[in-house]
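Shown below is the structure under consideration.
The values are calculated or read from the model by the stated rules, or taken from the named source; none is laboratory data. Treat the numbers as computed from the prediction; the structure is a model and nothing was measured. Quick reminder, even Gly has a Cβ in these numbers, built from the backbone with ideal geometry, and neighbours come from all protein chains shown. Keep in mind that these areas ignore ligands, DNA and RNA; they rest on the heavy atoms of the full protein, side chains included. Shrake-Rupley method; radii C 1.70, N 1.55, O 1.52, S 1.80 Å.
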Amino acid sequence: MKLCITAAGNDLSAATDSAFGRAPWFMLIDTETGAAEAVAHPSINAGHGAGIASAQLMADHGVEAVLTGRLGPKAQSALAAAGIAMHEGLPACTV
């Protein structure tokens, strides 16, 4: 499974980030192989629509589930439409 964890940095020792739509980095983890890829958030400074753009980015990368602190309603709708599972409540820790 390809999993996305919202992160403050671009490696596995980075702190998790609580907001999906405004997280600076997305750590994509292949749970079968352990491979990790850091993806910078290209829409972090967008005035609006950052959550929807983030959901589309996850779909483009083949992500199957997202772990984050919280999701906005538009991001939730976009992730659901893409068939991506959502898990909120990610605590402050490292990826």
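Cβ under 15 Å from residue 34's Cβ, residue 34 left aside: what net charge do those residues give with Lys, Arg +1 and Asp, Glu -1?
Its environment carries a net charge of -3.
Additional query: Taking only protein heavy atoms into account and a 1.4 Å probe, give the accessible area per residue of the chain in Å².
With all protein chains present, the chain gives 50 Å² per residue.
Which one of 71, 41, 58 has its Cα pushed farthest toward the positive end of the charge dipole of the range 1-84, where Lys and Arg give +1 and Asp and Glu give -1 at the Cβ?
The one lying farthest along the dipole's positive direction is 71.
Given H placed on each backbone N at 1.01 Å, which residues far from residue 94 in sequence or on other chains put an amide H within less than 5 Å of it?
Counting only residues 5 or more places away or on other chains, the set is 16.
Starting from the exponent 0.38 and prefactor 2.2 Å, build the expected Rg for the chain from its residue count and divide its actual Cα Rg by it.
Taking the Cα Rg and dividing by 2.2 N^0.38 Å, one obtains 0.94.
Amide H neighbours of residue 21 under 5 Å, at least 5 residues apart or on other chains, H built in the peptide plane: list them.
72
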